[in-house]
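Heads up: the structure comes next, in structure tokens.
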Amino acid sequence: MSDTFKTIARFQYSTEAQIIKGRLEAEGIQVFLSDNLTIDTDPLVSNAIGGVKLKVLSTDALKAQHILESINKYSVDDEGNTISCPNCKGNRIELFSTIKDAKSFFAFIFGVLFSALPFYTRHKYKCEDCKTEFDLK
């Protein structure tokens, strides 16, 4: 049995990696996270060091990749149905935060100046296919 690990995914934050780690371990796959403590200490270095690396044994890499592909990473509504784009009807929708209005902008500035958590953020959805931004009604 080979004891070498293979990196199968990278994540910006360790919380994302921990969720996937739990899913893979539930399937009996041994998982190792690399650089998660460094990023937990200073999240701003995540891009510089390549994020949190999720590693599995080389013998389990194919099985782990199939499990990762089966996990839907796109947005769902409150009932668990996939959200579709109102423009192109695509299903590759992601949630993001925006500061395009005045209230969001001032909340962002306040948070930066006083090292406080933002007390207001505006969330929108964006289609990865046609780049349409929209709200759910």
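The values are calculated or read from the model by the stated rules, or taken from the named source; none is laboratory data. Computed from a prediction, not measured in an experiment: that's the story for all the values here. All Cβ positions, even for glycine, are placed from backbone atoms using ideal geometry, and neighbour counts span all protein chains on display.
Values as computed for the structure displayed
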| quantity | calculated |
| --- | --- |
| Residue check, Ser58 surrounded by 18 or more Cβ atoms within 10 Å (Cβ to Cβ) and at pLDDT below 95 | no |
| Strands (runs of 3 or more DSSP E) completely within the stretch 5-64 that count 2 or more residues being among the aromatic types (Phe, Trp, Tyr) | 5-11 |
| Lys21, sole failed condition from (1) surrounded by fewer than 15 Cβ atoms within 10 Å (Cβ to Cβ); (2) in contact with a strand residue (DSSP E or B) (Cβ under 7 Å, 6 or more places away or on another chain) | (1) |
| Residues of the stretch 119-128 classified as surrounded by 14 or more Cβ atoms within 10 Å (Cβ to Cβ) and either touching a His at 6+ places or on another chain (Cβ under 6 Å) or at pLDDT 75 or above (or both), total | 4 |
| Residue count, the stretch 28-63 (criterion: more than 19 Å from Thr4 (Cα to Cα) and in contact (Cβ under 8 Å) with a residue 24 or more places away in the chain) | 7 |
| Residues located in the stretch 99-118, provided they are modelled with pLDDT of 65 or more and not in a helix (DSSP H, G or I) | Lys100, Asp101, Ser115, Ala116 |
